[in-house]
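Each reported figure results from applying straightforward, stated rules to the coordinates on display, with no laboratory input. From a predicted model like this one, the values you see are computed outputs, not experimental measurements.
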Amino acid sequence: MHDITENETRSRVFAGGTNARASGLAERVMTVLNGNRLKRRQYVGLLGQLYHFSAAAQAHLRQVSDRIDDPALSQWFVRHAREENGHHRWAEQDLMDLGELIPPPLPATRRLIERIEEVANGPKPYLVLGISSVAENLSPMLDPAAVLPGGVNGAARYITRHTLVDRRHSEEVNRQVAMLPADRWVEVMEEARRFEELMFEFFLAAAGTPDD
């Protein structure tokens, strides 16, 4: 009974912390936009870097599922990797519709991918949950109608679909984190804090600022 109560308490704390963290990151993004929509140039830049981020994340999710020492968590990663499979193609299709090519990854994108790779290959692969918690909880905080530039029409697959899909994914990843042992929970929360900073640097580099 004590374990259940501890997990339930931690779940409530984590849910609040995750929502606050994701909300804080979303607010930082919106502050950069200063209440404006993304310009087309910014949107194209963001899509190009999201393509690389998404492709790398999928590969490392599959890799982590083979290395985690918790069978239940390993199975969750298998399922999660399967559901994320091919999402980078949404960004590719959006770019094609806009008449744009996939650009090379920027240094900030490479740092993001290198961190995912470092954690996935490291001695504590369960820390990828911290990375997933940042990515999955951010999208539902953003309103595509408020941030997408006008005139993109159907070239909005990646953003709009992730906003919907990640509503469920955020609930799932938060549940997985809440069920971790206390020491691992603390480690995962610290990884989430670290990855949030990398994600914000990624956004600044990919989209730039409205005045760039």
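In plain terms, the bigger the Kirkwood radius, the slower the diffusion; for the stretch 105-212, with that radius from Cα pairs, at 25 °C and 0.890 mPa s, Stokes-Einstein puts D at 161 µm²/s. Restricting the calculation to Cα atoms, the stretch 2-207 yields a radius of gyration followed by a Dmax of 16.8, 58 Å.
Axis angle, to the nearest 10 degrees, between helix 40-65 and the longest C-alpha principal axis of the chain: 30 degrees. Ellipsoid semi-axes for the stretch 97-137, based on the Cα gyration tensor and the rule √(5λ), read 26, 14, 7 Å when sorted largest first. Each Cα pair under 8 Å and six or more residues apart adds its separation to the average, and for the chain the resulting relative contact order is 34 percent. With the helix formula -39500 (n - 2.57) applied to DSSP H stretches of n ≥ 4, the chain reaches a computed 222 nm mean residue ellipticity of -25500 deg cm²/dmol. The length gained on full extension between GLU118 and ALA145, counted as 0.36 nm times the residue separation minus their Cα-Cα distance, comes to 6.2 nm.
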